[in-house]
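Notes follow once the structure below has been shown.
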Amino acid sequence: MKSGISTGKVIMISLNKSMLACLLLIISLTFAVDTSFAAEPFTASDSVTIEIPPGAIDSTLAKLSDEQVRSLLIAELTKDAQAMAKATSNGGGLIPKAAGWLHMLDEDKRAGSGADDIPLISMGSDIRQMAKNVGNGTVGGLLLSFILIAAALGVGFLAELGTRRFTAEFSKQFKEQAIPDLDGPMRFIAGVMRSIPTFIHILVYCVAALVLFQILPGSESGGRRYLFLALLFSIVFFRIINQLSLIVSAPKTPELRVLPMLDKTAITMHRAIVILCSYTSAVVIFLALLTVLDCSNSNFIFMANLSAFVLIGLIILGILKNRTAVRERILQQSERNKTKNWVVEQVAKYWHVPTILYFLMSLAILINSQAAGVEQESPAFLLSLTALPLFLIFDAVGQWVVRNSMASLRLYNPGAMEDADEEMKATLIAAKERERKITVTASRCVRLLVLAALLIWAMSLWGYNIPYASTIAGAVFQSLTAMALGLIAWRFISSYIERKIAESTPKEEETSGDDEFGGAAQRGRSYTLLPMVRKVMATVLLVTVSLVVLSSLGVDIGPLLAGAGVVGLAIGFGAQKLVSDVFSGFFYLLDDAFRVGEYIQAGSVSGAVESITLRNVMLRHHRGMLQIVPHSDLGSITNFMRGGIIVKFNLEFPYDANVDRIRKVIKKVGQKMLDDEEFADDFINPVKSAGVREIKGSVMTIRVKFKAKSGTHFVIRREAYRRITEALNAQGIFYAHRKVIVELPDSMKDAPLEEKKKLLEAGAAAEITQLEDDKKAAGSSSGGSGSGMGGI
């Protein structure tokens, strides 16, 4: 159907939008402005229009046949499909999306006039036309629009005030309670928790304003809805941006500040984020409002350029205001790194000049592109403005990667400076200086790479592509990101493992060096396993990051992986002993057969486990020797440190000693040792008498036993010997003395004295020899459980 009058209205068929969709708009905003939209705003297709005289809409519709209505509907659906396809091909943009959002409560979508009038000259007619759209063509309607919008926003504010009464207690807890010292992630979580009431207030404000405006009479006007949604979105976005900035910068609460910065820097950062981001979002919503209110194309472009000019002006004012603080920061950092020179001083003095020129150049390119009618496939202008914050972010990430990488290399150990002699101190100072020079050089290289990559990226946004430059810039960013993520993962894993190892390490006073197991401190299972896990994770992260960096540089890592597989297969066949050692150690650790600090015996070797590697276990003999045993050679293992040790030792008394008195004395000694704080925790069963073991000749042997924790039984046995001896002597009970009684027959009574003496000596020597042989046999049969004190 042809159109007769160009100023005629367009009948568009659309569906009503639900009010909940408006809430989803608040969280669906993405910062992507399509500059091609500035050159070609939303316009209605002139190919499908019908002439409708004023006041004759109903009569005209009544005269249309079913075929005419069907044709009109097909034409409108085709136009919508084409517009959607165009938006999809251009990647979408913030202004088209915002213009669509303003239609959400509307029943009749309107399109721009598309007139190419001269800017400023046609501004008055555009303002009058937009006022008519808002007020339905009358001054009273315009006044009613402002009243309805103010009422809806005011009721939203009152609803928020009512909500504050319910969230006041929660907010009061955060304000009154002292904030403890938290790390970075915990600070962010605490800041989010502290902001929950504010986000609830914003949500209540938005919902209340939307609901009230929807139910008010006269809210069905399209222009009125557009203006209301634009104002509501501007207010909500400002409050959300302000709260998010408070979470990150926390200008008034340093305890919750996520980024390490001074109070002055935090305040400046907060103000810059709120002003620039709020202004940008408000401008985008304002331009979308101009679009849906039938602003002409020329005036739309003029307003977009004017908004960009003001934005650049705000950025330049911020740069000029903070140029002194940045200069001092650069000089302080150069003095700290000992890199201050004439070049650094000039950069610190005039850094703002090239920065301002860059932003002015971006504005000039934007105006030139729009004047020439060049359509940009990406939101070039806003993305180019992020070059400065992106440089600060990526430069900080790069410096952090360099510092932590150098710290991981451990070229200099500051802890060794305290106990070092003069020669060692000179060596450590030289190592420290070498580490500093390498760090400074690497930091400068990373900063130059980031700067060059960002400049190349900014030029590519405006269509100035340098061969291979974009690929190199992308490779720099990908490599830096991969190294940063790998280093973050390593720091997290390493700090967690070190914390767990420190928890499983006994205190210095808990270690005992006075036992026959070598005095090794017993460790937990985590102390044994976690160092192995840390080595494996370090290897995996290093290989993964290296492959990612090579891939980002354009290297095909497929052959590398295939070659690594072949090499691994060859190593597996050629180093079977090595593989056997590794797998044996893995299963020993998996079965928890032994831990660091435990005393074990494996075949002919024994000692305390000092450390465990992938292939070997280091055993420290109780006489001091270090034994390195491959895991596959350990075989069956005897672990002396699991379940406690039962100790038995013999005490020898005269055959006529009082057994009951001796038993009571030993029992009292055992009870006192059990009550002693020094030994109480080491006992499993107390010291007690096991009764008479044997009576041989003139000697009665009484056995004493106890059960104690592994590694402590040696000290307890020595202490038990001492206390039992002192307690028996105090009761007048003594150990049997070594003596031999030789009886002569009656026939030798009259023999000479010399002959009697020889017979007595010979008999005593024979008896002593027999007793020594019996003692050795008894000691070997009892397994060295204890030795008697005294003799016959």
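The values are calculated or read from the model by the stated rules, or taken from the named source; none is laboratory data. None of these values were measured; they are calculated from a predicted model. Because the Cβ atoms are built from the backbone with ideal geometry, glycine has one as well, and the counts that use them run over all protein chains shown. Remember, those area values only see protein heavy atoms, side chains included, never the ligands or the DNA or RNA. Shrake-Rupley method; radii C 1.70, N 1.55, O 1.52, S 1.80 Å.
Per residue, the solvent-accessible area of region 528-678 (1.4 Å probe, heavy atoms of protein chains only, all protein chains present) comes to 58 Å². Packing, taken as the mean count of other beta carbons within 10 Å per residue, orders the peptides 577-587, 66-76 from highest to lowest as 577-587, 66-76.
Given a 1.4 Å probe and every protein chain left where it sits, what share in percent of the accessible area of region 311-350 is carbon and sulfur?
Carbon and sulfur atoms account for 55 percent of the accessible area of region 311-350.
The GluC sites (Glu not before Pro) of region 289-380 meeting both criteria, a DSSP state outside H, G, I, E and B (loop) and at most 13 other C-beta atoms within 10 angstrom of the site's C-beta, are 377.
With a ≥ b ≥ c taken as the square roots of the eigenvalues of the C-alpha gyration tensor of region 221-361, please select rounded if a/c is under 1.5 and otherwise prolate if a/b is larger than b/c or oblate if it is not?
Working: a/c = 5.27, a/b = 1.73, b/c = 3.05.
Verdict is oblate for region 221-361.
Summed over the residues of region 160-252 and divided among them, the accessible surface reaches 51 Å² per residue at a probe radius of 1.4 Å. Applying both filters, DSSP loop and at most 15 other Cβ atoms within 10 Å, to the chymotrypsin sites (Phe, Trp or Tyr not before Pro) of region 272-372 gives 351.
Highest mean packing comes first when the peptides 605-612, 674-681 are listed by Cβ atoms within 10 Å, giving 605-612, 674-681. Pairs exceeding a 32 Å alpha-carbon distance, out of 437/500; 688/776; 432/535; 668/709: 437/500.
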